[in-house]
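Remarks on the structure that follows.
The values are calculated or read from the model by the stated rules, or taken from the named source; none is laboratory data. Everything numeric here is computed off the predicted structure, so don't read it as measured data. With ideal geometry, Cβ positions are generated from the backbone for all residues, glycine too; neighbour counts draw on all protein chains shown. Please note that ligands, DNA and RNA were not included when accessible areas were found on the heavy atoms of the full protein model with its side chains. Shrake-Rupley method; radii C 1.70, N 1.55, O 1.52, S 1.80 Å.
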Amino acid sequence: MTWLVVRRVLIVFVILATGGAFLFNLMQVNTSGWNFSPLRRNFSAPKIYSKVISVTSIGTWRASNRRINLTWVTNPNYTSVTIVNPKPMYQIGDILFIEVVAKDGNRRRKLYGGDYLQAVLRDNAQTASTKGRVQDHGNGLYTVSFILSFTGNVMPQVQLIHSSEAVQLLKELREIPNKRRWSCRFKDKGEDVTTTCTILPSRTLSSSSQCDFSVLNTGRTWFCQKPNTTTCDNIKMCKSARDIVDELVTSEERQLFERPFWNTDLVTDINGTISVREADENRTVMHSFPFCKPGIPHKHPEGFWLHGKWHSLSCHVRQFSPQNVTECLTNHTVHVRGDSTCRQWVERLVKWKVVQRGAGNSLIGPYTATNHSRGIMVTFNFHTLPIQTGSWFPFRNLSESGISVEVRSMAGGPNVVLVLSLCAHFVAEPKHVYSSRMIEVKLAIQELHRKYPKTKVIVKTCNTRSHRSYRSVVQQSDWLAQQIDHEMRSILGDLNVAILDVWDMTVSQWYPHNIHPNQHVQDNELNILMSYICPEMLTNIEQ
């Protein structure tokens, strides 16, 4: 009898508990329409948005069979952009706050974050612009803040680069190994043999069927299908081959990386332009900045464009003429290592006749450019694999090549500068590929500084790029590039290195986005580089 009573009590308890949880969930759904954005706390009573639903499960927009319900995806046509702190007139130094409310194709406000937004404030009359900082509140609300750095009539532009659903898919696709393929030639007695190669071992081939060119206990890895008629040692040249993205992404998933869900301006209720004037008091964003050196804090934003000139908000960036650059680099050796975005800098120095380029492969190096009368030497060499290019390039023994190998063998000193750019060719690879390579580089820099503590090391961040197809977006999205930047900062951030940030500069530039930015942008990048090499030099533009 006692057991029956206990059993009934337990049943009642379960029913009450279940009902209580159900009521609690209803309360959550019913109150989720309230706006709890911290920027709204001092304003009027919270606003209730209609048709608010809670979406937290992947199954709501992508079923187990990978079919997608696009009406649940963030839709730029219904996502709104509103000024939070409207004024008839703003002043230099004010912060303009904008609220973005993400909504889906059914006009329902989304209650989870993750959308990738880019925001730029522009003044067309002055070719002035600056990047906005986006804060994701995790509930479908985003706050964009702009530091008002120049006077004029400005207009904010907020773009949905990727919906949160596309970002989730990018995270998954990034970790799939060997999305990219290369063709490598092997020397044979007759015609050369070509086989497929990848940066990580193939899962469809046995280990005995693959040539393993990797270096033990390093991030330098390379695998090729063994040729039938010659040996692995006879590898000569490689180039990029067709990727397998089409096999990984369904036609429905592909739509997430196409308009309107990709790279689309958001709807705004801002009428006209926003006026900014000089501050009444002694307030300005252009106060006295420290000289450019290692350890400069990362700013949001890093700076702004005005009349075609980039103004840094992190450190004192000077304007260098070709003559100033020659004076700065006199009796200096500069080793430039990485990709084509830093090779452009060397090419610019050659065009300015600061140095004269010597023999060597003009695309991937190694080569040396010199100015003997001034004692200037600039060297360039591409990082080792992966190298994404449709042209054949010579295969280099991985145990003898690579930035970490070169840095360890360098002679440093107070007049030696090491410039690194490691981004563009790693974006498509799984995170661990880049991390392991950067850890190698970190150890090499530490060894260089132990031997030559006064050697300057400058590391360039990623920059934006154009995308010709959805395949390019999937493998080289700006979102992926920013993840590379974050990883680089987390690994190298505690070293005595200078982080030369060009991300904000290229996001807010006035030219089409390109992996090789417009020449005018490059010149402004060189101003930053020279400001790190010769921070206290007074240029003729300032005299």
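Just to be sure before I move on: is GLU172 out of contact with any Gly (no Cβ under 6 Å at 6 or more places or on another chain), farther than 26 Å from VAL276 by Cβ, open to solvent by less than 10 Å² (accessible area, probe 1.4 Å) and charged (D, E, K, R) in the structure I sent?
Details: out of contact with any Gly (no Cβ under 6 Å at 6 or more places or on another chain): yes; farther than 26 Å from VAL276 by Cβ: yes; open to solvent by less than 10 Å² (accessible area, probe 1.4 Å): no; charged (D, E, K, R): yes.
For GLU172, the condition - out of contact with any Gly (no Cβ under 6 Å at 6 or more places or on another chain), farther than 26 Å from VAL276 by Cβ, open to solvent by less than 10 Å² (accessible area, probe 1.4 Å) and charged (D, E, K, R) - is not met.
Would you check if LEU160 is open to solvent by less than 10 Å² (accessible area, probe 1.4 Å), touching a helix residue (DSSP H, G or I) at 6+ places or on another chain (Cβ under 8 Å), over 30 Å from ARG277 (Cβ atoms) and not polar (S, T, N, Q)?
On the way: open to solvent by less than 10 Å² (accessible area, probe 1.4 Å): yes; touching a helix residue (DSSP H, G or I) at 6+ places or on another chain (Cβ under 8 Å): no; over 30 Å from ARG277 (Cβ atoms): yes; not polar (S, T, N, Q): yes.
For LEU160, the condition - open to solvent by less than 10 Å² (accessible area, probe 1.4 Å), touching a helix residue (DSSP H, G or I) at 6+ places or on another chain (Cβ under 8 Å), over 30 Å from ARG277 (Cβ atoms) and not polar (S, T, N, Q) - is not met.
Can you tell me which residues in the range 426-459 are closer than 30 Å to GLU172 by Cα, open to solvent by 10 Å² or more (accessible area, probe 1.4 Å) and in contact with a Phe, Trp or Tyr (Cβ under 9 Å, 6 or more places away or on another chain)?
Matches in the range 426-459: ARG437 only.
Could you list all residues from the range 372-392 that are in contact with a helix residue (DSSP H, G or I) (Cβ under 7 Å, 6 or more places away or on another chain) and more than 16 Å from VAL350 (Cβ to Cβ)?
Selection gives HIS383, PRO386, ILE387, GLN388.
For the list (1) over 26 Å from the mean Cα position of the chain (by Cα); (2) basic (Lys, Arg); (3) at pLDDT below 95, I need the number of the one condition that LYS236 fails.
(3)
Hey, PHE382 hits all of (1) farther than 26 Å from ARG242 by Cβ; (2) open to solvent by less than 40 Å² (accessible area, probe 1.4 Å) but one; which does it fall short on?
Of the numbered conditions (1) farther than 26 Å from ARG242 by Cβ; (2) open to solvent by less than 40 Å² (accessible area, probe 1.4 Å), the odd one out for PHE382 is (1).
So the check is Cβ under 6 Å with 6+ separation or different chains; which pairs have a first residue in the range 234-258 that's of a type in the set (D, E, K, R) and a second one that's surrounded by 13 or more Cβ atoms within 10 Å (Cβ to Cβ) and part of a loop (DSSP other than H, G, I, E, B)?
From residues that are of a type in the set (D, E, K, R), the pairs are LYS236/LYS187; LYS239/TRP392; ASP243/LYS179; ASP243/ARG180.
Output the number of residues of the range 175-189 satisfying the condition of being of a type in the set (A, V, I, L, M, F, W, C) and open to solvent by 40 Å² or more (accessible area, probe 1.4 Å).
Here the count works out to 1.
Every residue in the range 496-514 that is hydrophobic (A, V, I, L, M, F, W, C) and out of contact with any helix residue (DSSP H, G or I) (no Cβ under 6 Å at 6 or more places or on another chain), please.
Of all residues in the range 496-514, those hydrophobic (A, V, I, L, M, F, W, C) come to 497-500, 502-503, 505, 507, 510.
Residues satisfying the conditions are VAL497, ILE499, TRP503, MET505, VAL507, TRP510.
Out of the range 261-291, which residues are open to solvent by less than 90 Å² (accessible area, probe 1.4 Å), within 21 Å of PHE150 (Cα to Cα) and modelled with pLDDT under 90?
ILE270, GLY272, THR273, ALA279, ARG283, THR284, VAL285, MET286, listed by residue number.
More than 22 Å from GLY402 (Cβ to Cβ), of a type outside the set (Asp, Glu), at pLDDT below 95 and under 33 Å from the mean Cα position of the chain (by Cα) - does that describe any residue in the range 190-213?
Yes, the range 190-213 contains a residue that is more than 22 Å from GLY402 (Cβ to Cβ), of a type outside the set (Asp, Glu), at pLDDT below 95 and under 33 Å from the mean Cα position of the chain (by Cα).
Among the residues of the range 323-332, is there at least one that is more than 21 Å from LYS456 (Cβ to Cβ) and surrounded by fewer than 15 Cβ atoms within 10 Å (Cβ to Cβ)?
Yes; the residues of the range 323-332 include at least one that is more than 21 Å from LYS456 (Cβ to Cβ) and surrounded by fewer than 15 Cβ atoms within 10 Å (Cβ to Cβ).
Given (1) of a type in the set (Val, Ile, Thr); (2) open to solvent by less than 10 Å² (accessible area, probe 1.4 Å); (3) within 17 Å of THR273 (Cα to Cα), where does VAL100 come up short, assuming only one miss?
Result: VAL100 fails condition (3) only.
Right, ARG489: open to solvent by 40 Å² or more (accessible area, probe 1.4 Å), part of a helix (DSSP H, G or I), among the basic types (Lys, Arg) and under 30 Å from ILE161 (Cβ atoms) or not?
yes
Find all pairs meeting these conditions: Cβ atoms under 6 angstrom apart; at least six residues apart or on different chains; first residue within the range 313-335 and charged (D, E, K, R); second residue buried (at least 17 other Cβ atoms within 10 Å of the Cβ).
Matching pairs, first to second residue: ARG318/SER531; ARG318/THR539.
Could you say which residue among THR151, THR231 is closer than 30 Å to ALA125 by Cα, modelled with pLDDT of 95 or more and open to solvent by 40 Å² or more (accessible area, probe 1.4 Å)?
Among THR151, THR231, only THR151 is closer than 30 Å to ALA125 by Cα, modelled with pLDDT of 95 or more and open to solvent by 40 Å² or more (accessible area, probe 1.4 Å).
Counting only residues that are closer than 25 Å to ARG181 by Cβ and in a loop (DSSP other than H, G, I, E, B), which one in the range 250-272 is nearest to the chain's Cα centre (by Cα)?
The residue in question is GLU258.
Across the range 362-379, which residue is modelled with the highest pLDDT among those that are open to solvent by 60 Å² or more (accessible area, probe 1.4 Å) and touching a Phe, Trp or Tyr at 6+ places or on another chain (Cβ under 9 Å)?
Restricting to residues being open to solvent by 60 Å² or more (accessible area, probe 1.4 Å) and touching a Phe, Trp or Tyr at 6+ places or on another chain (Cβ under 9 Å), the top hit is PRO366.
So which residues in the range 434-485 are in a helix (DSSP H, G or I), over 30 Å from GLN159 (Cα atoms) and among the β-branched types (Val, Ile, Thr), if there are any at all?
Here is the first cut: in the range 434-485, the ones in a helix (DSSP H, G or I) are 434-451, 470-476, 478-485.
Subset that is over 30 Å from GLN159 (Cα atoms): 436-451.
Listed by number, the residues that qualify are ILE439, VAL441, ILE445.
Please work out which one of (1) within 24 Å of SER80 (Cα to Cα); (2) of a type in the set (D, E, K, R); (3) in contact with a Cys (Cβ under 9 Å, 6 or more places away or on another chain) is the condition LYS239 fails and give its number.
Here LYS239 meets the rest and fails (1).
Does THR389 count as part of a strand (DSSP E or B), open to solvent by 10 Å² or more (accessible area, probe 1.4 Å) and of a type in the set (Val, Ile, Thr)?
Criteria not met by THR389.
In the range 190-199, what residues are in contact (Cβ under 8 Å) with a residue 40 or more places away in the chain and surrounded by fewer than 20 Cβ atoms within 10 Å (Cβ to Cβ)?
Pass one, the range 190-199, residues in contact (Cβ under 8 Å) with a residue 40 or more places away in the chain: 192, 196-197, 199.
Selection gives ASP192, THR196.
Are there any pairs, at least 6 apart or on different chains, whose C-beta atoms fall under 9 Å, with the first in the range 503-517 and among the hydroxyl-bearing types (Ser, Thr, Tyr) and part of a loop (DSSP other than H, G, I, E, B) and the second at pLDDT 95 or above and open to solvent by 30 Å² or more (accessible area, probe 1.4 Å), and if so, which?
Hits for this filter: SER508/ARG122; SER508/LYS131; TYR511/ASN518; TYR511/HIS520.
Assess whether GLY93 counts as being modelled with pLDDT under 95, open to solvent by 10 Å² or more (accessible area, probe 1.4 Å) and either among the small types (Gly, Ala, Ser) or assigned to a strand (DSSP E or B) (or both). Walk me through it before giving the result.
Working: modelled with pLDDT under 95: yes; open to solvent by 10 Å² or more (accessible area, probe 1.4 Å): yes; either among the small types (Gly, Ala, Ser) or assigned to a strand (DSSP E or B) (or both): yes.
Answer is yes for this residue.
Determine the pairs where a residue that is touching a residue at least 24 places away in the same chain (Cβ under 8 Å), located within the range 453-478, has a partner that is among the small types (Gly, Ala, Ser) and assigned to a loop (DSSP other than H, G, I, E, B) with Cβ atoms under 6 Å apart, the partner being 6 or more residues away or on another chain.
Short answer, once both residue conditions are applied: THR455/GLY412; GLN475/ALA428.
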